[in-house]
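Accompanying notes for the structure given below.
The values are calculated or read from the model by the stated rules, or taken from the named source; none is laboratory data. Every value quoted in this text rests on a predicted model; they were computed, and no experiment measured them. Ideal geometry is used to build each Cβ from the backbone, glycine not excepted, and the neighbour counts take in all protein chains shown. Ligands, DNA and RNA are excluded from the accessible area calculation, which covers all protein heavy atoms including side chains. Shrake-Rupley method; radii C 1.70, N 1.55, O 1.52, S 1.80 Å.
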Amino acid sequence: MCGIVGYFGKRNAAEILVDGLRRMEYRGYDSSGIACLKDGVIRVVKTPGKIKLLRDKVDASSDEALRTATVGIGHTRWATHGAPNEINAHPHTDSSGRFVMVHNGIIENYREIKNGLAQHGIACVSETDSEVLAQLIAYCYKDNLEKAVSEALQKVKGTYGIVVMTDHEPGKLVTARCGSPIVIGLGKDETIIASDAAAIIPHTRDAMYLEDYDMAVVTADGVRMFDLQHSPVNREVTAMDWDADAAEKGDFAHFMLKEMFEQPDAIRNAIRGRLDFEMGTAILSGLDFSPRDAAQISRVLIVGCGTSMNAGMVGEYAFEEMADLPAEVEQAAEFRYRNPIITPHDLVVAISQSGETADTLAAVREGKHKGAVVAGICNVVGSTIARETGRGVYLHAGPEIGVASTKAFTCQVAVMLMMAVKLARGRRMTRHHGQEICRWIERLPELVEQVLEQNDAIKAVAEKYAGTENAFFIGRGYLFPVAMEGALKLKEISYIHAEGYHAAELKHGPIALLQENTPIVALLNNIPGKEKTIGNAEECKARSAPVIAVVSEGDEGIAAEFDDMIVVPDCPPCIAPIPTTVALQLLAYHIAAARGCEIDQPRNLAKSVTVE
Ligand code: F6R
């Protein structure tokens, strides 16, 4: 979604801002802009389309001040209110042009504020909710920017991460957050504000994270933080652990391809030091349950969105099968609004790669409010969900830049398997069984490597289906969520209409859609229910649909009656989702590549969905 960057220092602000925006491109956007302040004058450059167009516009500008300014703000906008054109792009100025602001989030009462401003003769020029806030800040200004910002923010309902500057006080940037992340990077003689660590890590690792209702004033003397009522607050300086190279795609054609190939290492990092082979359990320091606490948990409620929700579905099977714990997975938005029944013996597990997804965060708050034990599984260290849950497990998968989530999914599943073993060992699972599962978890990187070695074979299958417009993925048990995830990957990056179904469900309606140009990806791995899924795949074949059979090594004979085959390692049902999903990620990737799709930034999608 939208990205924010602000710079205050001694270097060329425009260059750092545009580079910061480029590093946040992966989040999804449709227009961008920067504003620099030099010699008491604000210069704004913005454009619809790619960052390259913004860079060209800045480079082509004859305004020397743009090249020498050392203070500025920038933004990538993902349109919510109004079309993605230049007027609606950020930064937004007030009517005088003396205040300028970038905003992430949504101002829910913007119409009411807009009408109020109109009564004072202030007219907005854009269709955005954000401009209204810029105008309101200017309206509230007397002689101090932070006071004007806090007064304006107290009138606002909704979510915001903002950075504001004014030519009245050129030596100052003011930033604030509520529901939309803001990180302040503290460099040598410079401060970088951003909504995403990616824009900060090339400059510094030392960062402070704003919490909701925090404000910060950045001047040459440093950073001062306080709340909306002007009481000082202190936020720890923490070290960001991602290196800048991890956020570059190197020799890979796409971030998605790089991240798929990073999965063996990502999983190694996710499981490192966390398996106790002696006791047959997992050591998860962020989940401080004693066996006694574990025994008190009577249900696991897993919440997430998209790929994270699909990973949660695998977790649901694992918690029930291994730990004998009733488990339910729920779309986070549904969970937050349907008034779920939650007891203090419930463990709510919120899964989110970014740790910023608005609905998942709201589900966390709902769970806490109703007294459940709430834990997070996040990738981004210091993200809002990680901080608000207070307990949980980081993936340590490194930055995931490709919009289509890949390594986060496999690491999320690996982490949930470890959580399930830990809870199970505090309940009924034997040490021997725990040891066996730990040994399989330890082998996950090697199993994924085996799948990645088949990249060329999977590519050859993919290229046959590049012209497809509709596809189905079917599976059972632990592979039902994998069918959902395989279909999600395919649809989001190739724009092929793809559905994931339980293999048994197909004949309750969707089978009517099958014809010779509707391929079925059938997950026929060697797990309980395999024979039944083979029967379902045969039913599809009998209706002329081509079948791509995913089979376990040693079971290749099954594929003889089908059209194409992808072989994955033979492993226990709870382990199978990880290598099988990697095969489906490669399939989706190569189909999308053959169709010439923009894989890392699919249309309409954003990496981190911070609005409902
Ligand atoms: C799909 C994808 C999305 C995310 C979803 C949740 O490839 O990436 O479906 O999984 O938006 O995002 P997080 O995990 O950041 O909460």
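Within the range 482-505, being in a helix (DSSP H, G or I) and within 13 Å of the ligand (Cβ to nearest atom) holds for MET484, GLU485, GLY486, ALA487, LEU488, LYS489, LEU490, LYS491, GLU492, ILE493, SER494. Can you find a residue in the range 582-598 that is modelled with pLDDT under 95 and open to solvent by 50 Å² or more (accessible area, probe 1.4 Å)? Within the range 582-598 (the criterion being modelled with pLDDT under 95 and open to solvent by 50 Å² or more (accessible area, probe 1.4 Å)), the answer is yes, since at least one residue qualifies. One residue stands out in the range 397-418 among those that are small (Gly, Ala, Ser) and within 14 Å of the chain's Cα centre (by Cα): the one that is surrounded by the fewest Cβ atoms within 10 Å (Cβ to Cβ), namely GLY398. Taking the range 393-424 as the range and being in a loop (DSSP other than H, G, I, E, B) and within 13 Å of the ligand (Cβ to nearest atom) as the test, the residues that pass are LEU395, ALA397, PRO399, GLU400, ILE401, GLY402, VAL403, ALA404, SER405, THR406.
Scanning the range 206-226 for residues that are open to solvent by 40 Å² or more (accessible area, probe 1.4 Å), outside any loop (DSSP other than H, G, I, E, B) and either free of Cβ contacts under 8 Å to residues at least 60 places away in the same chain or among the acidic types (Asp, Glu) (or both) turns up ASP206, VAL223, ARG224. Taken over the range 177-191, residues that are over 22 Å from the mean Cα position of the chain (by Cα) and either among the aromatic types (Phe, Trp, Tyr) or open to solvent by less than 10 Å² (accessible area, probe 1.4 Å) (or both) amount to 0. Of everything in the range 94-144 that is among the aromatic types (Phe, Trp, Tyr) and in a helix (DSSP H, G or I), the residue that is nearest to LEU37 (Cα to Cα) is TYR139. When the range 543-557 is filtered for residues that are on the phi < 0 side of the Ramachandran plot and either modelled with pLDDT of 95 or more or not assigned by TED's automatic domain parsing to the domain that holds GLU505 (or both), the ones remaining, listed by number, are ALA545, PRO546, VAL547, ILE548, ALA549, VAL550, VAL551, SER552, GLU553, ASP555, GLU556, GLY557.
Number of residues in the range 525-546 that are touching a strand residue (DSSP E or B) at 6+ places or on another chain (Cβ under 7 Å) and either open to solvent by 30 Å² or more (accessible area, probe 1.4 Å) or among the basic types (Lys, Arg) (or both) equals 2. For the range 250-280, taking the residues that are in contact (Cβ under 8 Å) with a residue 40 or more places away in the chain and among the aromatic types (Phe, Trp, Tyr), the one that is farthest from GLN412 (Cα to Cα) is identified as PHE277.
Taking the stated definitions as given, is GLU64 under 30 Å from ASP359 (Cα atoms), charged (D, E, K, R) and open to solvent by 30 Å² or more (accessible area, probe 1.4 Å)? Against the criterion (under 30 Å from ASP359 (Cα atoms), charged (D, E, K, R) and open to solvent by 30 Å² or more (accessible area, probe 1.4 Å)), GLU64 does not qualify.
One residue stands out among those in the range 372-392 that are of a type in the set (A, V, I, L, M) and within 14 Å of the ligand (Cβ to nearest atom): the one that is modelled with the lowest pLDDT, which is VAL381.
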